[in-house]
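Throughout, read-outs are computed from the coordinates displayed, never taken from laboratory work. Here the structure is a predicted model, which is why all the values come from computation and not from measurement. Here the Cβ positions follow ideal geometry from the backbone for every residue, glycine too, while neighbour counts run over all protein chains shown.
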There are 2 protein chains.
Amino acid sequence: MAARETGGMAVRCAGRIGVAASVAVNLALLVMYIRRRYFGGSRSGEENTVEPSKGKPPVTPDSVVNLDHGDPTMYKKFWKGIGHRATIVIPGWQTMSYFSDLSGFCWFVEPGFEREVRRLHRLVGNAVVEGYHLLVGTGSTQLFQAALYALSPAEDGKPMSVVSPAPYYSSYPSVTNYLNSGLYRWDGDANTFDGDTCIELVCSPNNPDGSIRKTTVKAKYGKTIHDFAYYWPQHTPITEAASHDIMLFTVSKCTGHAGTRLGWALVKDTEVAQKMIKFLELNTIGVSKDSQLRAAKILKAVCDGYELSPASEANRLFHFAQRKMAERWSRLRATVAASGIFSLPNELSGYCTFAKEIVAANPPFAWLRCHKDGVEDLEGFLRENKIMTRGGPKFGVDERVVRVSMLDTDEAFDVFINRVASLK
Amino acid sequence: MAARETGGMAVRCAGRIGVAASVAVNLALLVMYIRRRYFGGSRSGEENTVEPSKGKPPVTPDSVVNLDHGDPTMYKKFWKGIGHRATIVIPGWQTMSYFSDLSGFCWFVEPGFEREVRRLHRLVGNAVVEGYHLLVGTGSTQLFQAALYALSPAEDGKPMSVVSPAPYYSSYPSVTNYLNSGLYRWDGDANTFDGDTCIELVCSPNNPDGSIRKTTVKAKYGKTIHDFAYYWPQHTPITEAASHDIMLFTVSKCTGHAGTRLGWALVKDTEVAQKMIKFLELNTIGVSKDSQLRAAKILKAVCDGYELSPASEANRLFHFAQRKMAERWSRLRATVAASGIFSLPNELSGYCTFAKEIVAANPPFAWLRCHKDGVEDLEGFLRENKIMTRGGPKFGVDERVVRVSMLDTDEAFDVFINRVASLK
């Protein structure tokens with residue numbers, strides 16, 4: 001308030017000293033002068049920005065194109081367009097404590113982050129937030145492990161079986177087993193599981209094949225973890241506000257900020273949520289506050305883009321990404337149809353409560369199958385053609401299928417399409 | 001350059017329009033006006049700053065004072081004094097990729113962070129960096145687990161024994177055992193270990209008691225992890241540039257940025273470093289780039305404070321913190337001596353190659369023992385007196401000793417000292 005009033009005074013002062021000519025021009029020049037004076041001769045704050053990390057090297061028509069990981073660099077264009085509204089500034093003295101909010105349910109969740117996440121779910125309508133605890137993790141990968149820990153009482157001393165229907169996300173087996181835990185162990189394809197007790201991982205839309213999934217296993221004491229990394233309007237029609245026991249999300253696949261390593265969980269049961277917190281305390285003593293503050297700013301910009309800004313795609317993340325994905329899928333389907341040797345899963349579509357119309361699903365990965373004689377190992381075949389993908393065996397299925405990221409830069413996607421078109 | 005020249009022009013313009021009276025005052029008022037106009041009625045950039053997390057509630061003379069955790073809020077004053085030189089600005093489009101630098105040894109280490117860490121060690125002289133791989137972790141806690149994973153081949157199928165001499169850091173047993181890993185298990189006090197193979201955790205200066213430690217165990221196939229969280233000039237004389245196989249550090253206890261959750265490891269052996277990277281990939285797919293960029297900025301400010309800025313304590317983190325710790329220890333030792341019922345470990349001192357003089361050690365924790373009859377459970381006794389500490393049993397020793405954080409705010413420390421003084 002003080003600044004506003006003094007600002008008004010400044011206007012009166014400026015009037016009084018009779019700058020008749022062009023206050024606006026002089027103000028603009030003064031801004032530059034002041035920036036120089038107070039911010040050291042550069043654009044405001046520029047000395048405080050950092051050199052951006054290099055990421056992957058740029059793709060050229062002759063280079064290898066790496067579509068093995070789902071690196072969501074496609075989103076960079078949108079965020080360049082958003083400009084300073086998504087910029088975060090953190091002074092050196094801020095958020096130094098281990099603690100975010102001792103009065104909250106989880107002491108290391110930043111209140112501003114929690115608020116924007118709940119607001120986003122209300123905007124999109126993809127998950128119920130009322131009655132849920134919100135936890136934060138270093139990516140949803142960490143929260144997945146926290147959930148395994150919370151759901152594995154190991155009462156009989158035997159590790160809990162962890163299953164998912166093939167094709168399943170390639171990281172599930174390795175992340176479940178790398179520490180050889182006595183609490184849980186990977187037990188493979190949920191379709192063939194016939195035990196009494198298990199944890200089923202339900203990834204929907206599914207990584208790698210984009211299918212829409214419900215619980216498969218009919219175990220007597222089955223528990224589920226819903227991996228909703230891709231349950232966002234750019235990838236699939238939003239058909240309901242999901243309300244499962246444990247639901248995992250991540251900014252990586254919602255806004256494209258993979259490097260921020262931030263996920264969240266909506267958890268219904270208080271005791272389960274408390275055990276997950278315990279895991280996060282032991283594993284990393286909570287979660288980076290810088291990442292949480294940045295994610296809060298990013299998610300705020302997404303919500304503001306729908307609720308406060310003029311209705312333009314430049315402000316609307318999901319519209320930008322949905323159009324981009326639809327264009328890419330259209331090009332890929334045409335190229336695959338023309339190839340004669342490849343195939344893709346059928347296109348799904350449905351009424352989206354967010355878009356308020358029937359829309360096609362645009363999965364984050366292409367699940368590409370090859371029917372050419374002699375190509376038994378598709379990952380190897382594509383690698384020979386300088387396309388890095390992830391082969392079916394890592395997802396629990398055969399070698400004639402691969403997962404290809406649809407989320408990379410336009411340049412990488414173009415090179416990919418041209419190479420696929422050249423394969424007969 | 002354009003900004004500089006136009007800035008100069010603005011000064012000439014201001015002269016021309018004849019603001020004879022007080023250009024400085026008008027400029028100040030105009031700054032406020034411009035801030036209001038361009039930055040939405042608040043301090044420059046404030047719309048991009050975020051609400052700071054609440055941290056712990058402030059301490060009052062009557063409130064509970066929580067010195068259980070080593071929450072390093074003492075450092076906030078220093079960073080407020082440093083001002084914008086430690087502020088970080090991250091535009092929305094930056095560091096979105098999973099990858100930091102595919103040409104580096106570790107794909108998720110930000111090159112700017114690595115550069116500042118190596119610069120800092122060269123400045124302080126507490127660790128050799130040449131010939132070492134640098135890894136980053138979500139706090140040194142995560143790197144500790146990565147090291148256990150890397151050093152536990154479990155060739156014979158038996159979990160590797162993990163030991164440390166009592167009193168040992170209270171988190172070592174729980175962090176080692178929470179997943180009931182088949183790779184490693186906590187095996188207690190290193191002083192009583194007599195097996196052939198183990199991993200020894202060497203924390204020096206030691207948490208909780210501040211002692212200087214070397215390897216204890218003479219196991220045939222012993223491996224060590226050196227936890228150097230506190231091997232910084234504010235806590236202990238720097239006596240050598242350490243050069244052990246695995247050395248762990250953290251910004252929490254170096255600069256006070258615990259909320260940033262960032263640690264690093266210096267690792268000599270390439271294969272061990274690669275296994276640690278594998279753990280960090282599986283556990284969290286790398287480490288928050290926002291935290292790394294912020295830590296790089298913070299560490300740069302620390303180094304610049306010694307190498308580029310005028311020699312004043314306001315610029316020199318280790319001098320600020322060393323003086324603060326020395327004052328606190330002096331007050332605590334006087335209070336304890338006057339109490340008649342408490343004791344502390346003897347003061348250590350030595351020649352510090354960084355300070356270039358003989359200095360006393362000022363450990364981050366007070367290891368406080370009580371000799372009063374009837375007080376068997378010191379943690380409980382202090383809790384009744386509204387002082388939260390961590391009792392000896394959590395560190396593998398008796399109940400008549402507690403660990404007290406020396407790193408909290410001045411207000412909390414004052415209340416603590418007054419309460420201790422009142423106990424007879």
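Per residue of B:272-284, other chain Cβ atoms within 10 Å of the residue Cβ number 3 on average. Counts of other chain beta carbons within 10 angstrom of each beta carbon in peptide A:172-183 average 5. At q = 0.17, 0.18, 0.19 Å⁻¹, what log₁₀ I(q)/I(0) does a Debye calculation on the Cα points of the stretch B:237-318 give, no solvent, two decimals? At q = 0.17, 0.18, 0.19 Å⁻¹ the computed log10 ratios are -0.87, -0.95, -1.02. Remark: the stretch A:121-130, residue by residue, has Karplus-estimated 3J(HN,Hα) of 5, 5, 5, 7, x, 8, 7, 6, 10, 5 Hz, where x stands for each Gly or Pro and the curve is 6.51 cos²θ - 1.76 cosθ + 1.60 at θ = phi - 60°. Taking a straight Cα-Cα cut-off under 21 Å and skipping sequence neighbours fewer than 8 places away in the same chain, the lysines within cross-link reach of B:Lys424 are B:Lys372, B:Lys386.
Just to confirm the numbers: B:Gln274, label point 7 angstrom along the Cα-Cβ line, distances to the other copies in nm, shortest first? Between copies, matching label points for B:Gln274 lie 4.5 nm apart. Comparing Cα centroids, the stretch A:208-240 and the stretch B:356-418 end up 50 angstrom apart.
Candidates A:Gly188, A:Leu293, A:Val202 compared by Cα position along the dipole of the stretch A:111-305: farthest toward the positive end lies A:Leu293, with charges placed on Cβ. Among residues other than A:Ser339 with Cβ under 10 Å from its Cβ, the summed charge is +2 (Lys and Arg +1, Asp and Glu -1). Take B:Gly81, move 7 Å from Cα toward the beta carbon, and the resulting point lies 4.8 nm from the same point in each other copy, nearest first. Cross-link partners of B:Lys297 among aspartates and glutamates, defined as those whose alpha carbon lies under 17 angstrom from its own and excluding same-chain residues fewer than eight positions apart: A:Glu46, A:Glu47, A:Glu51, A:Asp290, B:Glu110, B:Glu114, B:Glu116, B:Glu307. Counting Cβ atoms of other protein chains within 10 Å of each Cβ in A:292-298 and taking the mean gives 5.
Karplus-based coupling profile of the stretch B:229-236, in residue order and whole Hz: 3, 10, 7, 9, x, 6, 10, 7, with θ = phi - 60° in 6.51 cos²θ - 1.76 cosθ + 1.60 and x standing for Gly or Pro. Taking Cα centre as origin and charging only the Cβ of basic (Lys, Arg, +1) and acidic (Asp, Glu, -1) residues, the dipole magnitude of the protein assembly as shown rounds to 3120 debye.
Magnitude of the charge dipole for the stretch A:111-305, about its Cα centre and with charges confined to Cβ atoms of Lys, Arg (+1) and Asp, Glu (-1), is about 560 debye.
With the Cα gyration tensor of the protein assembly as shown giving a ≥ b ≥ c as the square roots of its eigenvalues, does the rule (a/c under 1.5 for rounded; else a/b larger than b/c for prolate; else oblate) give rounded, prolate or oblate? It is oblate, given that a/c is not under 1.5 and a/b is not larger than b/c.
Charge tally for B:Asp410 (other residues, Cβ to Cβ under 12 Å; Lys, Arg +1; Asp, Glu -1): +1.
Once the convex hull of all Cα atoms in the stretch B:238-284 is built, its volume per residue stands at 69 Å³. Across B:Ile358, B:Ile199, B:Ile82, mean-square fluctuation computed from a Gaussian network of chain B (C-alpha pairs under 10 Å connected) peaks at B:Ile358. Using a Gaussian network model of chain B in which every pair of alpha carbons under 10 angstrom is joined by a spring, one finds that among B:Asn346, B:Asn385, B:Asn66 the greatest mean-square fluctuation is at B:Asn346.
Close amide H partners of A:Ile199, meaning residues 5 or more places away or on another chain with modelled amide H under 5 Å apart, are A:Ser161, A:Val162, A:Val163, A:Lys223. Can you tell which of A:Pro233, A:Pro208, A:Pro153 shows the greatest fluctuation in a Gaussian network model of chain A with Cα springs below 10 Å? With Cα springs under 10 Å in chain A, the top fluctuation among A:Pro233, A:Pro208, A:Pro153 is at A:Pro153.
Distances between copies at B:Pro111, taken between label points 7 Å from Cα along the C-beta direction, are 4.1 nm in increasing order.
A prolate overall shape is assigned to the stretch B:111-305, the ratio a/c of its alpha-carbon gyration tensor axes (a ≥ b ≥ c) being 1.5 or greater and a/b exceeding b/c.
A Cβ-based charge dipole, computed about the Cα centre of chain A with Lys and Arg at +1 and Asp and Glu at -1, lands at about 1560 debye.
Measuring between alpha carbons in the structure, the pairs from A:Lys275/B:Lys80; B:Lys218/B:Lys289; A:Lys253/B:Lys278 lying more than 29 angstrom apart are A:Lys275/B:Lys80; B:Lys218/B:Lys289. For the stretch B:248-381, averaging the sequence separation of C-alpha pairs within contact (under 8 Å, six or more residues apart) and dividing by the residue count gives a relative contact order of 13 percent. Each Lys or Arg adds one and each Asp or Glu takes one away; over the other residues whose Cβ falls under 14 Å from the Cβ of B:Arg213, this sums to -4. Rounded to the nearest 0.05, the FRET efficiency derived from the C-beta distance between B:Ser174 and A:Arg383 at R0 = 56 Å is 0.80.
Sorted largest first, the spans of the alpha carbon positions of the stretch B:267-358 along the three principal axes are 53, 40, 26 Å.
The HN-Hα couplings worked out from phi for the stretch A:347-360 by the Karplus form 6.51 cos²θ - 1.76 cosθ + 1.60 (θ = phi - 60°) are 6, 9, 8, x, 7, 9, 5, 7, 6, 6, 7, 6, 10, 7 Hz, whole numbers, x standing for Gly and Pro. Every pair of different Cα atoms in chain B enters the Kirkwood calculation, which places the hydrodynamic radius at 23.8 Å. For the protein assembly as shown, the 222 nm mean residue ellipticity estimated from helices alone, with every DSSP H stretch of n ≥ 4 adding -39500 (n - 2.57) and the total spread over all residues, rounds to -11500 deg cm²/dmol. Across chain A, the mean sequence separation of Cα contacts (distance under 8 Å, 6 or more residues apart), normalised by length, yields a relative contact order of 21 percent. Take every Cα pair under 8 Å whose residues are at least 6 apart in sequence, average their separation, divide by the length of the stretch A:371-424, and the relative contact order is 28 percent.
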